[in-house]
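Before any comments, here is the structure.
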Amino acid sequence: MNASILIVDDEKEIADLIEVCLKNDGYRVYKYYDGAGGLTCIENQTIDLAILDVMLPDTDGFTILQKIREKYFFPVIMLTAKVEDMDKIMGLTLGADDYITKPFNPLELTARVKTQLRRYKSYNRGGMEQESSIHDIRGLVIDKDTHSCTLYGRPINLTPLEFSILWYLCDHKGKAVSSEELFEQVWGEKYLENSSNTVMAHIGRLREKLNEPAKRPKFIKTIWGVGYKIEE
């Protein structure tokens, strides 16, 4: 069955263009020009990925993103006309998986949609590995077969992207992983100037979910000038 994608954007021309591009690739598309319609759709349809504009007439994309993350873990791509890093960091911190600034190339958007859906489908079917793989690091247990994570026996709800980041760090425990390596291995894209902010925002959200103190994290440690490390 083709993936179902939700578009929420009050700029009709942009929303219609995205809809055409996605339908041409065989996706089922639900399109709304306001947040209320998008939220109703999420409650009544099975959504595999959402594309949210930040600025909407009745609410904002960040609010919708927060409501989505209360119950769902499908990928979310944010759209914005702004270029400020703080907006991008806010969206990623709240659980967005990707962020695209308007104007954008429709082919780039559809490519990012495919990347996020591949990761999401891999997450839901237990990944590509056939053999059982589990890391247990001082009470933090991450299981690649079941794509589950627990901390001292308590389930930790991770998005597919967050799971991939944590798994990569655990799989390279004891090694300082650079932001560039982490970005290129997990996101599967070329590392650019602002990619470090993307990595930093996701690391911050992971630490929050693991109840990590900002100054003295127990698991994900910052190696200044290098990147991040989970010690054995």
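The values are calculated or read from the model by the stated rules, or taken from the named source; none is laboratory data. Values in this document were obtained by computation on a predicted structure and should not be read as measured data. So basically every Cβ, Gly included, is an ideal-geometry build from the backbone, and we count neighbours across all protein chains shown. The accessibility values were calculated without ligands, DNA or RNA, using every heavy atom of the protein model including side chains. Shrake-Rupley method; radii C 1.70, N 1.55, O 1.52, S 1.80 Å.
When you restrict to C-alpha pairs under 8 Å that are six or more residues apart and normalise by the size of the range 157-232, the relative contact order lands at 41 percent. Taking 0.36 nm per residue of separation and subtracting the current Cα-Cα distance, fully stretching the chain between A176 and K114 would add 19.3 nm.
Dividing the mean sequence gap of close Cα pairs (under 8 Å, 6+ apart) by how many residues the chain holds gives a relative contact order of 14 percent.
Name the most mobile residue of G61, G188, G204, meaning the one with the largest mean-square fluctuation, in a Gaussian network model of the chain with Cα contacts below 10 Å. Highest fluctuation among the options: G188. Ordered from largest to smallest accessible area (heavy atoms of protein chains, 1.4 Å probe), the residues R112, R118 come out as R118, R112. Which angle from 0 to 90°, rounded to the nearest 10, does the C-alpha axis of helix 106-124 make with the longest principal axis of the chain? Long axis of 106-124 versus the principal axis of the chain: about 50 degrees.
The value of relative contact order for the range 1-101, using C-alpha pairs under 8 Å at least six residues apart, is 25 percent. Based on protein heavy atoms only, the chain ends up with 50 Å² per residue of surface accessible to a 1.4 Å probe. Label positions at E43 and I134, each projected 7 Å from the Cα along the C-beta direction, are separated by 3.9 nm. Surface composition of the chain: carbon and sulfur make up 51 percent of the accessible area, probe 1.4 Å. In a DSSP loop and with at most 11 other Cβ atoms within 10 Å, the chymotrypsin sites (Phe, Trp or Tyr not before Pro) in the range 140-232 are Y152, W224. Ignoring lysines fewer than eight residues from K121 along the same chain, the ones with Cα atoms less than 24 angstrom from its Cα are K23, K31, K67, K71, K144, K190, K209.
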